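Data first, discussion second: the structure below is written as structure tokens.
The values are calculated or read from the model by the stated rules, or taken from the named source; none is laboratory data. Just so you know, these numbers come straight off a predicted model, no measurement behind them. Using ideal geometry, Cβ is built from the backbone for each residue, glycine included, and neighbour counts are taken over all protein chains shown.
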Amino acid sequence: MKLGRPRFRDLIERQLDLFERENRGDIQETQRRLDLYNAADRDEAEELYGDYVDHVEAVKELLEELRDTYARTLDEGVRDVYERQFDRMLAKRWPRFEL
């Protein structure tokens with residue numbers, strides 16, 4: 001491990017890259033739903049925002065499953081480090097999906 005470099009950085013970057021390739025449509029759909037909400041009039045806005053939030057939550061669940069599936073293969077002390085690094089890197093890459 002290099003000093004100053006998170007222990008799981010390369011692994012997590014690859015995991016997030018793969019997630020992006022496999023779930024590109026879901027990520028784009030989240031933005032589309034946000035755009036619809038932002039363009040909506042007051043009568044439609046509440047329902048469209050709910051649709052956006054529901055979709056964000058669905059993508060977050062997929063990301064959490066990805067993180068937790070790998071974390072289960074690690075020893076408990078190391079698992080905590082991995083999960084914190086995953087969460088930080090995810091928040092930087094896609095703030096709306098922060099766990």
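In region 32-62, of all residues being touching a Leu at 6+ places or on another chain (Cβ under 6 Å) and aliphatic (A, V, I, L, M), the one that is surrounded by the most Cβ atoms within 10 Å (Cβ to Cβ) corresponds to L48.
Of all residues in region 53-77, those satisfying the criterion of being at pLDDT 95 or above, over 13 Å from the mean Cα position of the chain (by Cα) and outside any loop (DSSP other than H, G, I, E, B) are V53, D54, T69, Y70, A71. Of the residues making up region 15-31, not one is charged (D, E, K, R), loosely packed, with under 12 Cβ neighbours inside 10 Å and farther than 23 Å from R88 by Cβ. Among the residues of region 43-55, not a single one is among the hydrophobic types (A, V, I, L, M, F, W, C), closer than 29 Å to R9 by Cα and in contact (Cβ under 8 Å) with a residue 40 or more places away in the chain. What do you reckon, is Q15 more than 12 Å from the chain's Cα centre (by Cα) and either of a type in the set (F, W, Y) or at pLDDT 95 or above (or both)? When the stated conditions are applied, Q15 does not pass them.
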